[in-house]
Amino acid sequence: MKTIITVAVTGAETTKEQQPNLPVTPAEIAESAYQACLAGAAIVHLHVRKDDGTPTQDPAVFGEAIRLIRKKCDMLIEVTTGGAIGMSDDERIAPVDLGPELASLDCGSVNFGDEILPNSFPSLRRFAERMRKFGVKPTIECFDFGHINNAKILIKEGLITPPYYFTFVMGVPGGIPATVKNLLFMRDELPEGSHWSSIGIGGKASLPMGISALVSGGHVRTGFEDNVYYRKGELAESNAQLVKRIVSIAQELGHEIATPAEARAMLSIPKR
Ligand code: ZN
């Protein structure tokens, strides 16, 4: 099995103050995604921002970023439906209608520091149905162990169909801690034949969870949404630099890196 690398270039919460090289405009986001694609990323997890840098789910801004990315490369586009804390379901779901290859489906409510990311079953069903309607594959984001069970309920209801693509978001303050034991615990709970990826939140968790996924049959996500550092006290130069590092570790382990075309085939996603 080849390894699929996802790059989360911007996110909703990371700021230019934390990471001066954070891509913010659609043109910057597209260029950063393209450079990460050249470095080995097959999927870009996409958030967009307003001109003032604050997060938005405006389909016009998403549409512009998607158009610019597709002009440069054939990487798979995964729009966020997590959006930013405090957004309504209507706002969060909007970019799904643009027909990207994938969209994140946050499969349960979770505390996020002092905030909460609400995902009731009625919301989950609505998000999953909208994705199905537009032919968008859900990336099933699990912030905690019970979220895998929530996904299984949606699977049983026929709202999510195989091949399943899970991702474990580990180390959110309020979610499951980023440990190897927890990663394996979550992996072992997945339905047969699932693909899965790890996300370690923060400089301490990002690389260890990436490496843990590589040696445990998983795929990896990296990028400024999850971590802005290259190592302790040293900011990463670019999203591509973070991708290059995990690609080189994967290759040292004897893994081959999936191209966008190979990732599409593995996840049974038709070319747009
Ligand atoms: Zn995100």
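Pairing each residue of segment 242-258 that is within 18 Å of MET75 (Cβ to Cβ) with any residue that is open to solvent by 50 Å² or more (accessible area, probe 1.4 Å) and among the basic types (Lys, Arg), provided the two are 6+ apart or on different chains, yields C-beta distances under 7 Å for GLU256/LYS2; ILE257/LYS2; ALA258/LYS2.
Residues in segment 11-43 that are farther than 19 Å from TYR229 by Cα and within 15 Å of the ligand (Cβ to nearest atom): ILE43 only. For segment 1-46, residues that are open to solvent by 10 Å² or more (accessible area, probe 1.4 Å) and touching a helix residue (DSSP H, G or I) at 6+ places or on another chain (Cβ under 9 Å) total 14.
Here segment 93-139 is the region considered, the condition is being touching a residue at least 40 places away in the same chain (Cβ under 8 Å) and polar (S, T, N, Q), and the residue that is nearest to ALA12 (Cα to Cα) is SER104.
The values are calculated or read from the model by the stated rules, or taken from the named source; none is laboratory data. Everything numeric in this text was worked out from a predicted model, so none of it was measured. So basically every Cβ, Gly included, is an ideal-geometry build from the backbone, and we count neighbours across all protein chains shown. Accessible surface areas use protein heavy atoms only, side chains included; no ligands, DNA or RNA. Shrake-Rupley method; radii C 1.70, N 1.55, O 1.52, S 1.80 Å.
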